[in-house]
1. Scan the stretch 203-224 and give yes if some residue there is in a loop (DSSP other than H, G, I, E, B) and of a type in the set (Phe, Trp, Tyr), otherwise no.
2. Can you tell me which of TYR42, TYR50 is free of Cβ contacts under 8 Å to residues at least 24 places away in the same chain, assigned to a loop (DSSP other than H, G, I, E, B) and not β-branched (Val, Ile, Thr)?
3. Name every residue in the stretch 171-207 that is away from the ligand (no atom under 12 Å from the Cβ), polar (S, T, N, Q) and in contact with a strand residue (DSSP E or B) (Cβ under 7 Å, 6 or more places away or on another chain), in order of residue number.
4. List every residue pair whose Cβ atoms sit under 6 Å apart, with the two residues 6 or more apart in sequence or on different chains, where the first one lies in the stretch 212-229 and is at positive phi and the second, anywhere, is within 16 Å of the ligand (Cβ to nearest atom).
5. Go through the stretch 99-117 and count every residue that is of a type in the set (Val, Ile, Thr) and within 16 Å of the ligand (Cβ to nearest atom).
6. Which count do you get for residues in the stretch 177-202 that are part of a loop (DSSP other than H, G, I, E, B), within 27 Å of THR76 (Cα to Cα) and of a type in the set (S, T, N, Q)?
7. When the stretch 28-80 is examined, which residues are found to be exposed (fewer than 14 other Cβ atoms within 10 Å of the Cβ) and β-branched (Val, Ile, Thr)?
8. Residues that are surrounded by 15 or more Cβ atoms within 10 Å (Cβ to Cβ), within 16 Å of the ligand (Cβ to nearest atom) and assigned to a loop (DSSP other than H, G, I, E, B): does the stretch 81-98 have at least one?
Amino acid sequence: MMKPFKDTILSFISNRLDTKRLICHTGTSLILPFYHTVSDEYLPHIHPLYRPKTIKEFENDLDFLLKHFQPVDMQTVFACCRERKSIQTPSFHLSFDDGLKEVYDIITPLLYSKGIPFSVFVNSDFVDNKTLFSRHREALESQDIDPETFLNEKSPYLSTAQLKEMQKMGVHIGAHSINHPRYDLIPEEEQVMQTLESCKFVKDTFTQGLTTFAFPFSDTGISNHFFDRIYSAIDLSFGISGIYFRHNNRHIGRIDMEKYGHNARECINKAILVKKIKDKWN
Ligand SMILES: [Zn+2]
């Protein structure tokens, strides 16, 4: 975790850097910004945990991204990382975690109209509103909202039918574990089970070419042995803390657009800057 003071300095610098020059200077070719949801409404299961972007803020982020990067699909991410095909123009691939329903209601139509491909990483236990994510449950309980009533009445997660419709529009669907545990708190056997079972769910339900997995919470402290075990069944995995390419380019970092900064410029500049600093010290 970065110290608040260091973070303030980084934000200060990031907000003042020219992105075009920064991209050019650092040779940044592919970034993967990710969100959870976008909404103009108060979401009682989300807002106590973090503040999602409003539609206007999200549109501003998109304008910034499109100004500096070209949007690419998951197949291109795979080709770039695994087949080592070089990307000529700086590119971005967007993704959304936890399979929240606003991805269907708000994000899909918006991105589709702009021709921006994206991925959604779903938890097999939450799809079709079978059960609530423990953190969403805690957020609701902290406001004295009955979680079961909320789940039944509001259906906060995507359904299989909605996901299949999105898939037809070109959306890539990846796995995000069965029920979103903290991997650093569970044994490796369970980490592998959560990963492979959720990938199998996605593969069986949505039949698509690439099998992908995004770590729930964080990929910090995960053993090399775990990664060795999962790659026979999955093509790419994704982390959450910036720009990095690890495990023979199979494990790729993403930029948290809800926590890393106030706007896309700050988030992206900061992520590029941190990568540059880390590369220099390694
Ligand atoms: Zn998540």
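1. We begin by selecting, within the stretch 203-224, every residue in a loop (DSSP other than H, G, I, E, B); these are 207-211, 215-223.
This time we only want the ones that are of a type in the set (Phe, Trp, Tyr), so: 215, 217.
So far as the stretch 203-224 goes, yes, one or more of its residues are in a loop (DSSP other than H, G, I, E, B) and of a type in the set (Phe, Trp, Tyr).
2. Result of the check over TYR42, TYR50: TYR42.
3. Answer for the stretch 171-207, where residues must be away from the ligand (no atom under 12 Å from the Cβ), polar (S, T, N, Q) and in contact with a strand residue (DSSP E or B) (Cβ under 7 Å, 6 or more places away or on another chain): just THR195.
4. Between residues of the stretch 212-229 that are at positive phi and residues that are within 16 Å of the ligand (Cβ to nearest atom), the close pairs are PHE217/ARG182; GLY221/ASP184.
5. Total meeting the criteria: 2.
6. 1
7. Hit for the stretch 28-80 is THR54, nothing else.
8. So far as the stretch 81-98 goes, yes, one or more of its residues are surrounded by 15 or more Cβ atoms within 10 Å (Cβ to Cβ), within 16 Å of the ligand (Cβ to nearest atom) and assigned to a loop (DSSP other than H, G, I, E, B).
The values are calculated or read from the model by the stated rules, or taken from the named source; none is laboratory data. Keep in mind that this is a model prediction, so the values were computed, not measured. So basically every Cβ, Gly included, is an ideal-geometry build from the backbone, and we count neighbours across all protein chains shown.
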